[in-house]
Amino acid sequence: MKFIDYAMRGGEHPDIEREKLERQIANVTLNLFMDDPKYQEKGIKWLFNLMFFQSIYCTRDKSILNYLYKKRPYPEFFELEVTTLCDMRCRLCEHTHWNVPPKNMSFEDFKKIVSNFPNLKWAGMTGIGQSMLNKDYLKMMKYLKDKNVYIENFDNFKHITPEVSKQMIDMGLDKLYVSLDAATEETFNLMQKGAKWDEVISNIKFFDAYKKEKHLHWPELWFHFIVTKDNIDEMEDYLQMIFDLEVDVECVQFTKLLHAFKEIEDTHVEISLEKKKKVFEKARELGIRVGFNMNTSDGKDPIKNCAVWTQPFIFVDGTVVACCSQNEQNDRPFQIETSPGNILKDGMRKVWKKGYGKMLDELNSGKVPKNCERCVLYKK
Ligand SMILES: C[S@@+](CC[C@H](N)C(=O)[O-])C[C@H]1O[C@@H](n2cnc3c(N)ncnc32)[C@H](O)[C@@H]1O
Ligand code: SF4
Ligand code: SF4
């Protein structure tokens, strides 16, 4: 494979195992690129970035896991919190219940953080807040798109007006989750206070219409529904409602509460196998792809198989936490106290060597690091 060289990986990790892994991913990339016009829309380097991410993040492949723990390759993905400002009061979100002072990330800090990741391939730009309330959000997104980074964001579409949709689509955003936890306006008003159902629906429709006008596959639109006692009965209706919108939907993802923290524990509910079957049946009938987040699964892997740490989550103040599933527990002080470090204060290389090094030694030996004590994805 000629197109994989050290320049492409940024000159890092010139070792045999890395070489082998990259070659395998490059082969898959090339085949997909040749076969599927939707990938040709984006370019081969971008597709390699995506395939690399998909091969590593959450991997269950033993040889890749072994490589990750042994070599601990410097991170090539991150999630970034561009703001903790929010103008809504969603019932299930920690933001509604905490007293963390709101803060926007400056463009300077953003660039400083990005400069810590020379081989960045994938980025999420959603934190605990409304990203659009940071005036530099779109500029930040464009900055990463110009580096060929795959970008996946979450938004409830309160602020994705037609003008914003156009900018996001034109700059090449790759995937956008619609955070929508209701099939009806009534439940929406209960769950997601601070936005108007009609405006959100109209914004979603415009986003889809503009994409179609431009004959684009990307950005893919995914829907994200957090299941609680208040909306579990409308999961199937939710699929019908989405079908009736007549927008192109890549997938509908159901998730349960990450942590049943005390202010919301009364709304926590498990999704039974029976319920999942009914949802899958409805999805088949409508021709919609659905998925259930790994936090809804009964059979959890042992903690030493975690590969989620390959995608650090960076708070607005630079604190690095090992993964996004540690969020939404309404205990940010604990997250900061047990964090592997702060990228703005120490730089990522130091955070990776020291804080992460210790955490990965522990995980690798089957121990539970302090910051992972409340893990909801793996068996402790
Ligand atoms: C924290 S929000 C931030 C982005 C934006 N404000 C939004 O609402 O989409 C990101 C995602 O987290 C989800 N979320 C909020 N509270 C949650 C909880 N307690 N458990 C799991 N996911 C949650 C939201 O539904 C949303 O899809
Ligand atoms: S889910 Fe999003 S919009 Fe709702 S309170 Fe949390 S950060 Fe704000
Ligand atoms: S909290 Fe769980 S999923 Fe996150 S890094 Fe720790 S072990 Fe992995």
Pick from the stretch 14-35 the residues that are in contact (Cβ under 8 Å) with a residue 40 or more places away in the chain and in a helix (DSSP H, G or I): which of them is farthest from Gln54 (Cα to Cα)? Glu17
Could you tell me which residue of the stretch 179-217 is farthest from ligand 1 (Cβ to nearest atom), considering only residues that are assigned to a loop (DSSP other than H, G, I, E, B) and in contact with a Phe, Trp or Tyr (Cβ under 7 Å, 6 or more places away or on another chain)? Ala183
Residue under evaluation Phe53, criteria (1) of a type outside the set (Ser, Thr, Tyr); (2) touching a residue at least 40 places away in the same chain (Cβ under 8 Å); (3) closer than 30 Å to Asn156 by Cα; (4) surrounded by fewer than 17 Cβ atoms within 10 Å (Cβ to Cβ), criterion not met: (4)
Would the stretch 320-335 turn up any residue that is within 16 Å of ligand 2 (Cβ to nearest atom) and among the basic types (Lys, Arg)? yes
Out of the residues in the stretch 72-93 that are within 30 Å of Glu19 (Cβ to Cβ) and hydrophobic (A, V, I, L, M, F, W, C), which is surrounded by the most Cβ atoms within 10 Å (Cβ to Cβ)? Phe78
The correct count of residues that are buried (at least 17 other Cβ atoms within 10 Å of the Cβ) and either within 16 Å of ligand 1 (Cβ to nearest atom) or without any contact (Cβ under 8 Å) to a residue 12 or more places away in the chain (or both) in the stretch 261-291 is 5
Go through the stretch 203-237 and give me each residue that's in contact with a strand residue (DSSP E or B) (Cβ under 6 Å, 6 or more places away or on another chain) and closer than 17 Å to Glu186 by Cα. Phe225, Ile226, Val227
List pairs: first in the stretch 99-110 and under 15 Å from Pro333 (Cβ atoms), second at pLDDT 95 or above and among the basic types (Lys, Arg), Cβ under 8 Å, 6+ apart or cross-chain? Val100/Arg332
State whether one or more residues within the stretch 304-323 are in contact (Cβ under 8 Å) with a residue 24 or more places away in the chain and acidic (Asp, Glu). yes
Any hit, the stretch 94-110, residues being within 10 Å of ligand 1 (Cβ to nearest atom), at pLDDT 95 or above, among the aliphatic types (A, V, I, L, M) and crowded, with 17+ Cβ neighbours inside 10 Å: no
Evaluation of Lys212 against (1) without any contact (Cβ under 8 Å) to a residue 40 or more places away in the chain; (2) surrounded by fewer than 16 Cβ atoms within 10 Å (Cβ to Cβ); (3) in contact with a Ser or Thr (Cβ under 9 Å, 6 or more places away or on another chain) (one fails), failing number: (3)
Scanning for something modelled with pLDDT under 95, more than 20 Å from Thr96 (Cβ to Cβ) and more than 16 Å from ligand 2 (Cβ to nearest atom), does the stretch 284-294 turn up at least one residue? yes
Looking at Tyr69 and the list (1) surrounded by fewer than 19 Cβ atoms within 10 Å (Cβ to Cβ); (2) in contact with a helix residue (DSSP H, G or I) (Cβ under 6 Å, 6 or more places away or on another chain); (3) over 26 Å from Asn342 (Cβ atoms), which single condition is not satisfied? (3)
Of the numbered conditions (1) within 16 Å of ligand 1 (Cβ to nearest atom); (2) closer than 30 Å to Phe223 by Cβ; (3) not hydroxyl-bearing (Ser, Thr, Tyr), Asn305 fails exactly one; give the number of that condition. (1)
Evaluate the stretch 242-255: report whether one residue or more is aliphatic (A, V, I, L, M), crowded, with 16+ Cβ neighbours inside 10 Å and closer than 27 Å to Phe117 by Cβ. no
When the residues of the stretch 122-146 are filtered to those that are under 20 Å from His217 (Cα atoms) and touching a residue at least 12 places away in the same chain (Cβ under 8 Å), which remaining residue is nearest to ligand 2 (Cβ to nearest atom)? Gly124
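The values are calculated or read from the model by the stated rules, or taken from the named source; none is laboratory data. Computed from a predicted model, the values in this text were never measured in an experiment. Note that we place each Cβ from the backbone using ideal geometry, even for glycine, and neighbour counts take in every protein chain shown.
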